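The values are calculated or read from the model by the stated rules, or taken from the named source; none is laboratory data. Small disclaimer: the values here were computed from a predicted structure and weren't measured. Please note: Cβ atoms are built from the backbone with ideal geometry, for glycine as well, and neighbour counts cover all protein chains shown. Surface areas here come from the heavy atoms of the whole protein model, side chains and all, with no ligands, DNA or RNA. Shrake-Rupley method; radii C 1.70, N 1.55, O 1.52, S 1.80 Å.
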Number of protein chains: 2
Amino acid sequence: MPDREHDLLSIEDFTYDANGLIPAVVQQHDTREVLMVAYMNRDSLASTLETGKTWFWSRSRQKYWMKGESSGHTQDVIEILYDCDADCLVVLVNQNGPGACHTNEKTCFYRRLYPEAASLAKGTCGE
Amino acid sequence: MPDREHDLLSIEDFTYDANGLIPAVVQQHDTREVLMVAYMNRDSLASTLETGKTWFWSRSRQKYWMKGESSGHTQDVIEILYDCDADCLVVLVNQNGPGACHTNEKTCFYRRLYPEAASLAKGTCGE
């Protein structure tokens, strides 16, 4: 068992959840904007390392998929980082096409909850 | 039921997993570096919105906690974004103290898997 805080890990050394998945935060490498968060299993992580494109496991479709396989909006992997307890990945990519989201937005995170929600919670609208 | 792709959502409208949790990617607001990924439940999201500090649910300790409550390395919330299917948050913060990681690193993502792992997988070291 490797030292999770110090050793260089391999695919089998990561912590996967009960469904065999590890979350992957995908960032555009130069702007560092978060494009999407998706889940990888061991096979999709292996394919990502081998091909240099992002592969995931779709929980809703129960399907192994390459990002952009239908839209053409693939992601070229620049770097993959992992966290101190080895249960999460950050994947720095170059996004091809207009964006990462199925809505055609550049990023899936195109809406803001805060500070708007704080104003509502605190009743600063006078209600 | 709100339109998840277009409406401004509130705490109850998000998709939580079977344990009542939603993942939160925490980024330093100016550099956009990913500092950590943790999980919020409804209560910790409400506290985050109310206090402007980050609150999470610790899966390992089964405990509601404010980031920095013991270390003093709190996070001031600047913005919270949410994704197209409303099952993930991005929290833009200003990190107080030397960093977000319990190892005293600036970020929990201080190790790199790729491109190193790709070289190993492809045997480019001549082995």
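So how tilted is helix A:42-51 from the main axis of chain A? Cα-based, degrees 0 to 90, rounded to 10. Here the helix axis deviates by roughly 80 degrees. Once backbone amide H atoms are built at 1.01 Å from N, B:E79 has B:L92 as its partners under 5 Å, excluding neighbours fewer than 5 places away on the same chain. A 1.4 Å probe, protein heavy atoms only, puts the accessible area of B:V34 near 10 Å². Its DSSP H runs of at least 4 residues, each contributing -39,500 (n - 2.57), put the calculated 222 nm mean residue ellipticity of the protein assembly as shown at -3500 deg cm²/dmol, to the nearest 500. Chain B residue nearest the axis that carries B onto A, by Cβ, with distance in whole Å, is B:R32, 2.
What accessible area, summed over both chains, is buried at the B-A interface (1.4 Å probe, Å², nearest 100)?
Summing both chains' loss of accessible area gives about 4000 Å².
Take every pair of alpha-carbon atoms less than 8 Å apart whose residues are at least six positions apart; their mean separation over the length of chain B yields a relative contact order of 23 percent. Of A:T31, A:T54, A:T107, the residue with the greatest mean-square motion in the GNM of chain A, using alpha carbon springs below 10 Å, is A:T31. The lysine pair tally for chain A, using Cα distances under 29 Å and a gap of 8 or more places or different chains, is 5.
Accessible surface area normalised per residue over region A:20-127 is 43 Å², counting heavy atoms of protein chains with a 1.4 Å rolling probe.
Per-atom-type breakdown for the protein assembly as shown gives carbon and sulfur 48% of the accessible area (1.4 Å probe, protein chains only). When B:M36, B:M66 are compared by accessible area at a 1.4 angstrom probe, the order from most to least is B:M66, B:M36.
Size descriptors for region B:40-87: radius of gyration and Dmax over Cα atoms are 11.4, 34 Å.
For the segment A:75-88, counting C-beta atoms of other chains within 10 Å of every residue's C-beta and taking the mean gives 5. For the protein assembly as shown, the alpha-carbon coordinates run over 69, 42, 33 Å along the three principal axes, in decreasing order. A point 7 Å from Cα along Cα→Cβ stands in for B:G20, and the other copies hold the same point at 3.1 nm, listed in rising order.
Among the protein heavy atoms, those of B:R112 account for about 90 Å² of accessible surface (1.4 Å probe, every chain in place). Distances between copies of A:D76, taken at a point 7 Å out from Cα along the Cα→Cβ vector and listed shortest first: 3.9 nm.
What separates the A:Y110 label point from its copies, with the point 7 Å along Cα to Cβ, is 3.7 nm, written shortest first.
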